[in-house]
1. Looking at the range 134-155, which of the residues that are hydrophobic (A, V, I, L, M, F, W, C) and within 23 Å of the chain's Cα centre (by Cα) is farthest from Glu190 (Cα to Cα)?
2. Name the pairs whose Cβ atoms lie under 9 Å apart, with the first residue in the range 155-177 and closer than 12 Å to Val115 by Cα and small (Gly, Ala, Ser), the second surrounded by fewer than 22 Cβ atoms within 10 Å (Cβ to Cβ) and modelled with pLDDT under 70, and 6 or more positions between them or separate chains?
3. Which condition breaks for Asp74 when tested against (1) in contact (Cβ under 8 Å) with a residue 12 or more places away in the chain; (2) under 20 Å from Asn191 (Cα atoms); (3) out of contact with any helix residue (DSSP H, G or I) (no Cβ under 6 Å at 6 or more places or on another chain)?
4. Give me a count of the residues in the range 56-95 that are farther than 16 Å from Asn112 by Cα, under 21 Å from the mean Cα position of the chain (by Cα) and crowded, with 17+ Cβ neighbours inside 10 Å.
5. Residue by residue through the range 38-55, note down the ones that are part of a loop (DSSP other than H, G, I, E, B) and within 19 Å of the chain's Cα centre (by Cα).
6. Working only within the range 107-164, note down all residues that are at pLDDT 95 or above and hydroxyl-bearing (Ser, Thr, Tyr).
7. Taking the range 119-132 only, how many residues are assigned to a loop (DSSP other than H, G, I, E, B) and either hydroxyl-bearing (Ser, Thr, Tyr) or in contact with a strand residue (DSSP E or B) (Cβ under 6 Å, 6 or more places away or on another chain) (or both)?
8. Can you name every residue in the range 176-200 that is touching a Ser or Thr at 6+ places or on another chain (Cβ under 7 Å), within 18 Å of Thr36 (Cα to Cα) and assigned to a strand (DSSP E or B)?
Amino acid sequence: MKNILNRTPGWMYMILMITGMLALASCGFGSEGETTTISIEKDGIVRSHIEESFAQSYYDKDELQQMILREAADYNREAGSGCVTVEKVEVENQIATVEMTYQKALDFAEFNHIVFFNGTPGEAKDAGFDLNVVLSSVKDSLETIGQADILSMEDYRLLIMDVSKKEIQGETITLDATVILNGKAQFISENVTVSDNCKKVNRTEDAEGLAYILYK
């Protein structure tokens, strides 16, 4: 894993830039009229779609676009060409829309300095994640599974993401985004909610720590 800790924080910093640094104090992504969506595709590609109010007194569209392109270029120089692609930077009706593509979940995690793992349970263990957790069935919350069960389910995918509050540039923000799965959530940790026939997951209100979603 490449050391990119000296880079400016990616996605969360980007949100702060869009909103003029102060607008998200003590708030999460996805306030009313604003959305953040992360889509996991079959081939492992991750796509992000951000819509945020754009404080034009602080930045204009060209400044925003150049900042994002520079961040992506800096990352690709270290991680490899094409690992992060900026698909769209648009400002319309004082709403900034940013769409980006990441070749794999690790690129999304490293670019944005957050935990975002997507793979098999065995790969999660090999990556050092603690699987000594209890997950509840989406269909029946009384049905639970533990580490041994999780590791035996190698035909499932496991999404692990950090839903704790973060302090960036003195502002408190959270990964309050909707994640669209390539499949349906089957078992989840208690800090996760599901919707859209189990195809979408979100952090629960006031959630902390790592969120676990086992899906197929």
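The values are calculated or read from the model by the stated rules, or taken from the named source; none is laboratory data. Everything numeric in this text was worked out from a predicted model, so none of it was measured. Quick reminder, even Gly has a Cβ in these numbers, built from the backbone with ideal geometry, and neighbours come from all protein chains shown.
1. In this case the residue turns out to be Ile150.
2. Hits for this filter: Ser164/Thr174.
3. Against the list (1) in contact (Cβ under 8 Å) with a residue 12 or more places away in the chain; (2) under 20 Å from Asn191 (Cα atoms); (3) out of contact with any helix residue (DSSP H, G or I) (no Cβ under 6 Å at 6 or more places or on another chain), Asp74 comes up short only on (2).
4. Residues meeting the conditions: 3.
5. Glu41, Lys42, Asp43, Gly44, Ile45
6. Within the range 107-164, Thr120, Ser136, Ser137, Thr144, Ser152, Tyr156 meet the criteria.
7. Applying the first criterion (assigned to a loop (DSSP other than H, G, I, E, B)) to the range 119-132 yields 120, 127-132.
Narrowing further to those that are either hydroxyl-bearing (Ser, Thr, Tyr) or in contact with a strand residue (DSSP E or B) (Cβ under 6 Å, 6 or more places away or on another chain) (or both): 120, 129.
Here the count works out to 2.
8. Answer for the range 176-200, where residues must be touching a Ser or Thr at 6+ places or on another chain (Cβ under 7 Å), within 18 Å of Thr36 (Cα to Cα) and assigned to a strand (DSSP E or B): Thr178, Ile180, Val192, Thr193, Lys200.
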